[in-house]
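Have a look at the structure below before the remarks.
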Amino acid sequence: MNKVSQVVIVGAGIGGLCAALALAKQGVQVVVCEQALALGEVGAGLQISPNAFKVLRDLGLESALKPFAFVPQNAAIRDYKTGEYYLKIPLAQAAEKRYQAPYWHLHRADLHQVLVDACSAAGVAIWLGAVVSRYQEDTSSGRICAVLQDGRECSADLLIGADGLHSAVRRQMLGPEKPTFMGQVAWRGVIPVSALNVVIQPDACVWAGPGRHLVSYYVRGGEWVNFVAVEERDDWQSESWREEGSIEELKRAFAGWHPEVTELLGSATSTFLWALNGRTELPTWSQGRAVLLGDACHPMLPFMAQGAAMAIEDAAVLVRYVCSFDVADALARYEQVRKPRTTKVQNLSKANAGLYHMHGGVFGKAKLKALKVASRFAPVMVHSTLDDVYGHQLPC
Ligand SMILES: Cc1cc2nc3c(=O)[nH]c(=O)nc-3n(C[C@H](O)[C@H](O)[C@H](O)COP(=O)(O)OP(=O)(O)OC[C@H]3O[C@@H](n4cnc5c(N)ncnc54)[C@H](O)[C@@H]3O)c2cc1C
């Protein structure tokens, strides 16, 4: 199989657009098929850690994103009731110094729009209302074709399935299998600072409590506060993995928490409720000239804030290999490098649920108290536990 000159990408999410931009910058012709009729992203924030930031910087997006960014002062974990800090370590200059890249908070819609603009400027074609139902490979010509629900077809040398949790590309490659509900739901929303009755600390803050936690941080240059409120649940009745959430139900779930939390939620006027899903490690990420990327192959709990970061890293590595090796070799190298990395981050994310939700009763609390001691007397040691994730070097 030779190197590629035309690529079709299924899905104009953050992962698909990063791959499209990186390919276009290498002179590859790219078509992105997106099922939505209009481009856009949900009203929610995204933490962009230094590992993901470096990829966005390499794509030339730093200055376009900067006006929308908020730089958190500290990474914090606080007690749900008393507000006691179990962890408070500097993030702003510390991330720059340790990883040569900042830690940013962005609104998803801002990142998405900057990516769309950059893709358009680089000549990427984005087809809207383009629902890909399957792919078809012709081994004799070395081409692969995305077949759309409306009968249109798009032929290329490589097809990238960046079509998220319910990926149609994954389904064809590996058979129908629903993602696993992880026993947690998340409400997400943003609130304009002007509507708040409480001062929110300028930190990336996790409020930890029994069976639930809440994350708060500023986005859009500090104009809005984003919240993600997570609750453990036995089941998820709805067919949808995302639906309009009830503000009253959300407030009830966090009633009696610290006033910074209850006042914050008291100012919310709308929210989306998400089922948090995962998948066990897939046996393969590619088949012939079709390959998966991002949530399509490794959805994860958001408790390390690394799902989009992993999709962004995937895009950088995949494009680097695809532009350097023939397709079979490139896809094998991509999976070999990315699978251990993303599986590790998936497991770290799962482990954080126990810490944030005080699993184990008094032992859970004891773990948080131990973290408090460590962050006070050995902050460098606490920082270093994140080096693997934030300081990760992508292969050259
Ligand atoms: C509560 C919560 C908080 C999170 N916080 C963070 C965070 O702070 N930091 C972080 O890094 N990550 C975070 N994540 C994870 C992150 O949102 C995802 O990992 C990331 O969006 C995955 O990107 P993707 O491009 O792989 O998929 P998606 O964003 O799901 O994009 C898939 C795209 O494919 C399109 N599509 C689907 N099927 C088809 C089809 N058949 N044909 C055509 N198009 C199709 C969809 O419309 C969509 O546009 C969070 C997730 C949740 C649930």
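Rounded to the nearest Å, what's the spacing between the alpha carbon centres of the stretch 152-207 and the stretch 45-84? Just the number, please.
Each part reduced to its Cα centre gives a spacing of 17 Å.
In whole percent, what relative contact order does the chain give with Cα contacts below 8 Å and a gap of six or more residues?
Answer for the chain is 22 percent.
Compute the long axis of helix 14-25 from its Cα atoms, compare it with the longest principal axis of the Cα atoms of the chain, and write down the angle in degrees, 0 to 90, nearest 10.
50 degrees
Send over the Kirkwood Rh of the stretch 222-339, from the inverse of the averaged 1/r over different Cα pairs, rounded to one decimal Å.
Roughly 17.4 Å, rounded to one decimal.
How large is the charge dipole for the stretch 1-148, taken about the Cα centre, if only the Cβ atoms of Lys, Arg (+1) and Asp, Glu (-1) carry charge, to the nearest 20 debye?
360 debye
Based on Cβ point charges of +1 for Lys and Arg and -1 for Asp and Glu, what charge dipole magnitude is obtained for the chain about its Cα centre, in debye rounded to the nearest 20?
1060 debye
Looking at the chain only, what percent of DSSP beta bridges run antiparallel? Nearest 5 please.
75 percent
Which values of log₁₀ I(q)/I(0), to two decimal places, follow from the Debye formula for the chain at q = 0.08, 0.09, 0.13 Å⁻¹ with a uniform point scatterer at every Cα?
Computed log10 I(q)/I(0) values: -0.41, -0.53, -1.09.
Say the cut-off is 25 Å between C-alpha atoms; which of Lys339/Lys372; Lys97/Lys372; Lys66/Lys97 go over it?
Pairs exceeding 25 Å: Lys339/Lys372.
Could you give the angle, 0 to 90 degrees to the nearest 10, between helix 307-322's Cα long axis and the longest principal axis of the Cα atoms of the chain?
For 307-322 against the chain, the angle is about 30 degrees.
For helix 362-377, what angle does its Cα long axis make with the longest principal axis of the chain, in degrees from 0 to 90 and rounded to 10?
90 degrees
FYI, it's all coordinate maths here, none of it is from the lab. What you see is a predicted model, and the numbers here were worked out from it, not measured in a lab. Here the Cβ is made from the backbone with ideal geometry for all residues, glycine too, and neighbour counts use every protein chain on show.
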